[in-house]
RNA sequence: GGCCGGAUGGUAGAGUGGUUAUACACUUGAUUGCAAAUCAAUGAAUCUCGGUUCGAUUCCGGGUCCGGCCUCCA
């Protein structure tokens, strides 16, 4: 069964065929590091993390590259605002980004190239484009890409050059031959960070860094290139123009774009100011709940950020962990593994359908709970281990069940020892048939946000 | 204005040319000292108007509404 991936360029699912199987070259546009990452960034990180994990689980040797934009207008502006160097600013936020990713169980890409480490490769590529006539230096020291020279311009986003020209939303810039032309190299003011180039002191334009860095970390022809949906145009369109004109052949086979996280059904974005940072949300919800939430909708669809949806994710995750609680895991039989792994892979092979994969996990939970009810120690042990191993492929169920279930938002002062003492007292009361006392203790705990569960394996507790 | 995507039960969210997942919530039964958890059963949806078809939620066309891109954005 082959993996099918929806290609944004062809607008349909295609059978995935790497250029040099089993190797896969995959490049994802990362973030511009001048602020903390928000939940929209988290979605892109988590979705591509799951995509890479699944490709690897299916036997591919994935070279996963995700860049870091560490020089641009906003970085310069923020650094001036803060009275610090751009380097100090970007290093701080790269560190913060890694902390957020680690919390969300996002595996690091193989390479995280930074634009400022590839200036030479960038100027080389700009030089090539100038030599081939696809780019031109302007009088002020900028270098622009000549969009009309590239016949395929618009093939990714479905836009036509004529439509774009009449759109009139492009900057009027005297330096450009055409308003659609975009900057490859920007002349810098003396006070700004700058690098030497054949066209004078300056810094790279945004789009060119990805063309240059993908070439030098993967190659001229990528299997997969991804990013947020808003990058499709103009960023990815411009990358295609640069790379295909510089190299003279196809740049990317499969384009993947992750849908937005919305707030009140509107795109969450820094410019709209309606964003929630990952670290803000981590104060309110366990990281795993956030990860589950981000994967609960298909990656291409919009995802609405609401407390209801986060709470729902938490409740769903509690069902998964609840099934594992008190079960001694056992190695599953080959037939059991085949049955459930096939179902799981069928979901994930179909354009990484995580909601469908979740459904498989929950079906497995139902079987596991049945086995628990029947006290079938052998079945439940095998099903539990299978559940954990499949969920682990999604970066989920990586905690001990009791650890997750006892995490809470409640602000109880009770220590675990206090809780255990009350539970012991209640058990004693129950044995003495003093149910009024037992219930009183249970209510005391409930007021503290602690829920008591009497199970065949003994009394356990969790936070509400 | 140009281009693109979406509309599924109370909520979230998949698949499917015929019998529609899964989760949360609701109802009933079993279980429990009573609960909780769990199991079982039940209820509950495919925006609208046409077309193709024996049959459309699914395919095609029109409409309505929502969102995105066209300017920095994940």
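Considering only segment A:343-375, state which residues are more than 8 Å from RNA strand B (Cβ to nearest atom) and at pLDDT below 95.
A:374, A:375
Checking residue A:279 against (1) under 16 Å from the mean Cα position of the chain (by Cα); (2) part of a strand (DSSP E or B); (3) away from RNA strand B (no atom under 15 Å from the Cβ), which test does it fail?
(2)
Within segment A:414-436, work out how many residues are over 38 Å from the mean Cα position of the chain (by Cα) and in contact (Cβ under 8 Å) with a residue 12 or more places away in the chain.
6
Among residues belonging to segment A:307-339 that are over 16 Å from residue A:389 (Cα atoms) and without any contact (Cβ under 8 Å) to a residue 24 or more places away in the chain, point out the one that is farthest from RNA strand B (Cβ to nearest atom).
Filtering first and then ranking leaves A:307.
Go through (1) surrounded by fewer than 24 Cβ atoms within 10 Å (Cβ to Cβ); (2) away from RNA strand B (no atom under 14 Å from the Cβ) and name the single condition residue A:212 misses.
It is condition (1) that residue A:212 fails.
Within segment A:418-449, how many residues are closer than 17 Å to residue A:463 by Cα and either in contact with a helix residue (DSSP H, G or I) (Cβ under 6 Å, 6 or more places away or on another chain) or in a helix (DSSP H, G or I) (or both)?
Number of matching residues: 13.
Being closer than 30 Å to residue A:282 by Cα, in the same structural domain as residue A:46 (by TED's automatic domain parsing) and in a helix (DSSP H, G or I) is true for just one of A:101, A:148, A:162. Which residue is that?
Of A:101, A:148, A:162, the one residue that is closer than 30 Å to residue A:282 by Cα, in the same structural domain as residue A:46 (by TED's automatic domain parsing) and in a helix (DSSP H, G or I) is A:101.
Any residue in segment A:96-111 that is more than 25 Å from residue A:41 (Cα to Cα) and surrounded by fewer than 13 Cβ atoms within 10 Å (Cβ to Cβ)?
no
Quick check: anything in segment A:217-228 assigned to a strand (DSSP E or B) and over 30 Å from residue A:21 (Cβ atoms)?
No, there is no match, as no residue in segment A:217-228 is assigned to a strand (DSSP E or B) and over 30 Å from residue A:21 (Cβ atoms).
So if I check each of A:445, A:383, A:387, which one is modelled with pLDDT of 90 or more and touching a strand residue (DSSP E or B) at 6+ places or on another chain (Cβ under 9 Å)?
Exactly one residue qualifies, and that residue is A:445.
Each row is one residue, and each column tells you yes or no for (1) near RNA strand B (Cβ under 8 Å from one of its atoms); (2) surrounded by fewer than 22 Cβ atoms within 10 Å (Cβ to Cβ); (3) over 19 Å from the mean Cα position of the chain (by Cα).
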site: A:230; (1), (2), (3): yes, yes, no
site: A:233; (1), (2), (3): yes, yes, yes
site: A:238; (1), (2), (3): no, no, yes
site: A:242; (1), (2), (3): no, no, yes
site: A:245; (1), (2), (3): no, no, yes
site: A:252; (1), (2), (3): no, no, yes
site: A:262; (1), (2), (3): yes, yes, no
site: A:266; (1), (2), (3): yes, yes, yes
site: A:269; (1), (2), (3): yes, yes, no
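Has segment A:268-278 got at least one residue that is touching a strand residue (DSSP E or B) at 6+ places or on another chain (Cβ under 9 Å), more than 30 Å from residue A:235 (Cα to Cα) and touching a residue at least 24 places away in the same chain (Cβ under 8 Å)?
no
Please determine whether any residue of segment A:379-387 is within 14 Å of RNA strand B (Cβ to nearest atom) and over 32 Å from the mean Cα position of the chain (by Cα).
Among the residues of segment A:379-387, at least one is within 14 Å of RNA strand B (Cβ to nearest atom) and over 32 Å from the mean Cα position of the chain (by Cα), which makes the answer yes.
Kindly indicate which of A:220, A:201, A:192 is away from RNA strand B (no atom under 11 Å from the Cβ) and either outside the structural domain of residue A:23 (by TED's automatic domain parsing) or under 30 Å from the mean Cα position of the chain (by Cα) (or both).
Every option except A:220 fails the conditions.
Do we find that residue A:447 is surrounded by fewer than 17 Cβ atoms within 10 Å (Cβ to Cβ) and farther than 23 Å from residue A:325 by Cα in this structure?
Criteria met by residue A:447.
The values are calculated or read from the model by the stated rules, or taken from the named source; none is laboratory data. A quick note: this is a predicted structure, and the numbers were derived from the prediction, not measured. Cβ atoms come from the backbone with ideal geometry, glycine included; neighbour counts cover every protein chain shown.
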